[in-house]
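**Q** Dumping the structure here so I can ask a few things about it.
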Amino acid sequence: MKKIDFTSLILLETEDYIIVNKPPYFATLEDRHEAQNMLAIGKEYWEDLQVCHRLDKETSGCLVFAKNPEAYRHIALQFENRTVEKVYHAVAEGIHDLDGVLVDRNLTASNKGIARIAAQGKPAQTLFKTQKTYFSHSLIACKPITGRLHQIRVHLAYLGAPICGDTLYGGKPLYLSQLKRKFNLKKDTEERPIMQRVSLHARSISFQNLADEPITAEAPYPKDFAVLIKQLEKTS
């Protein structure tokens, strides 16, 4: 895998924090299957860097690092008190008019890292709002209030709006041939999905710095997500 230039990922840097736009397919922490991970790359830039939360390996977008222990403690308390505001964008199957819909369903996770709704699970709440609808898909803003494993993915599936490409929770890959009427595939080639991962992007994050002033960053879509949206726009 090509070596990442950490500085090219930085969205915002202060005395205490760095917010980056994590590319898809990079683990947040050490992964025995991968040569690179975001924390290791970040430490080459700033030796004392600590990662403040995690994004799934496939998920792109806003990831926050603390540059010193005090900054880490400060944001850790905000995560604990649920005052950090995160917004994810997801492309979901079907047309859904979600205007501030709150899903409040407990989640439990198996040893294999698969989450499911269960009454005896841990509390999990996500707020959903449709940003735009297309011919047969929706772009949905997702605000997780809690931070459970695969929370957004499971809660959207619960609403009957599985995320495109999320085969683990009922989503199907989306192909250009499904969107483009006159689509011709080259002979002896197999069509690949527009996005070869779960269509989920950590769009923005907001929290307070050590002076209790607001910090906000927004992450542009990576190439694959932007291409997907561009193709969907043609169907709207």
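The values are calculated or read from the model by the stated rules, or taken from the named source; none is laboratory data. Just so we're clear, the structure is a prediction, and the values are computed from it rather than from any experiment. Quick reminder, even Gly has a Cβ in these numbers, built from the backbone with ideal geometry, and neighbours come from all protein chains shown. Surface accessibility is based on the protein's heavy atoms, side chains included, excluding ligands, DNA and RNA. Shrake-Rupley method; radii C 1.70, N 1.55, O 1.52, S 1.80 Å.
**Q** Is there a residue in segment 145-160 that is in a strand (DSSP E or B) and more than 25 Å from Ser206 (Cα to Cα)?
**A** Taking every residue of segment 145-160 in turn, none turns out to be in a strand (DSSP E or B) and more than 25 Å from Ser206 (Cα to Cα).
**Q** Scan segment 160-205 for residues that are of a type in the set (Gly, Ala, Ser) and open to solvent by 40 Å² or more (accessible area, probe 1.4 Å) and jot them down.
**A** Answer for segment 160-205, where residues must be of a type in the set (Gly, Ala, Ser) and open to solvent by 40 Å² or more (accessible area, probe 1.4 Å): Gly160, Gly170, Ser177.
**Q** Something else now. Would a scan of segment 28-45 turn up a residue that is in a strand (DSSP E or B) and in contact with a helix residue (DSSP H, G or I) (Cβ under 8 Å, 6 or more places away or on another chain)?
**A** no
**Q** When residues of segment 178-211 are filtered for being in contact with a helix residue (DSSP H, G or I) (Cβ under 7 Å, 6 or more places away or on another chain) and not in a loop (DSSP other than H, G, I, E, B), how many remain?
**A** 5
**Q** Would you point out the residue of segment 165-177, among those that are part of a helix (DSSP H, G or I) and among the hydrophobic types (A, V, I, L, M, F, W, C), that is farthest from the chain's Cα centre (by Cα)?
**A** Of all residues in segment 165-177, those part of a helix (DSSP H, G or I) come to 167-169, 176-177.
This time we only want the ones that are among the hydrophobic types (A, V, I, L, M, F, W, C), so: 168, 176.
On the way: Leu168: 16, Leu176: 23 Å.
Across segment 165-177, the extreme among qualifying residues is Leu176.
**Q** Another one. Return yes when Leu127 is in contact with a strand residue (DSSP E or B) (Cβ under 8 Å, 6 or more places away or on another chain), assigned to a strand (DSSP E or B), of a type in the set (A, V, I, L, M, F, W, C) and surrounded by fewer than 21 Cβ atoms within 10 Å (Cβ to Cβ) and no when it is not.
**A** yes
**Q** If I go through segment 58-102 residue by residue, how many of them are open to solvent by 60 Å² or more (accessible area, probe 1.4 Å) and under 27 Å from Tyr134 (Cβ atoms)?
**A** Qualifying residue count, segment 58-102: 6.
**Q** Moving on to the next point. Among the candidates Ala157, Ala118, single out the residue that is without any contact (Cβ under 8 Å) to a residue 24 or more places away in the chain and either touching a Ser or Thr at 6+ places or on another chain (Cβ under 7 Å) or open to solvent by 70 Å² or more (accessible area, probe 1.4 Å) (or both). It would help to see each step written out before you state the result.
**A** Numbers: Ala157 fails: either touching a Ser or Thr at 6+ places or on another chain (Cβ under 7 Å) or open to solvent by 70 Å² or more (accessible area, probe 1.4 Å) (or both).
None of the other options fit; the residue is Ala118.
**Q** So which residues in segment 36-87 are among the aliphatic types (A, V, I, L, M) and in contact with a strand residue (DSSP E or B) (Cβ under 7 Å, 6 or more places away or on another chain), if there are any at all?
**A** Met38, Leu39, Leu49, Val51, Leu55, Leu63, Val64, Ala66, Ala71, Ile75, Val84, Val87
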